[in-house]
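Right, one structure below, let's go through it.
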Amino acid sequence: MIEQDIAFVVLSAVTIGAAIIALEARQVVYGAIALAFSFLGVAGLFIVLNATFVALFQVIVYVGAIAVLILFTVMLVTKGVEEESEREPVKPMGVIIAVVIIALVGAVASLSNLSSWYPQTSFVVPYVVSGIGSLMTNQYALPLEILALVLGASVVGALTLAKVDKEEELKSN
């Protein structure tokens, strides 16, 4: 049990740290890479919770598709290498407030009796993956197809924007 606790703490730190870096990154490419690491941390948390199918889905969909799509879109649309921007100094009061909030949320979560609200069950569904697969192909087929079309349209839009910018550069030269 202690190994799971250690893995949870480490993966939580990686996930939260990568999410903060993704939000605070001055260059979009670095932010997208940090976002991919945050998605990987969430997948690791799913593995700790014994939800391997959800973890694999997280890696395939979010890390494999969304993060790569963001990276390619940013690389295609940006005109050149972003210049190094100046970093603002970290404000110590903001860090202190964040640590206090994290400590308060952790104390409330550890002292609460939220786990007693849900009954303790120990049933095992033997065919979880096949059940999820049949749901995805039957009940959720239309939303998944719409999502695929939206992602495809965004790639086409990024390519179109990149092509228009290159044509304008060629005309101006």
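Every read-out reported here was derived from the displayed coordinates using simple, explicitly stated rules and does not represent laboratory data. Since this is a predicted model, take the numbers as computed values, not measurements. Ideal geometry is used to build each Cβ from the backbone, glycine not excepted, and the neighbour counts take in all protein chains shown.
Label points 7 Å out from Cα along the Cβ direction at residue 20 and residue 148: separation in nm?
Result: 4.0 nm between the two label points.
Residue separation times 0.36 nm, minus the C-alpha to C-alpha distance between residue 12 and residue 141: what's the value?
Extending this stretch completely gives an extra 43.2 nm.
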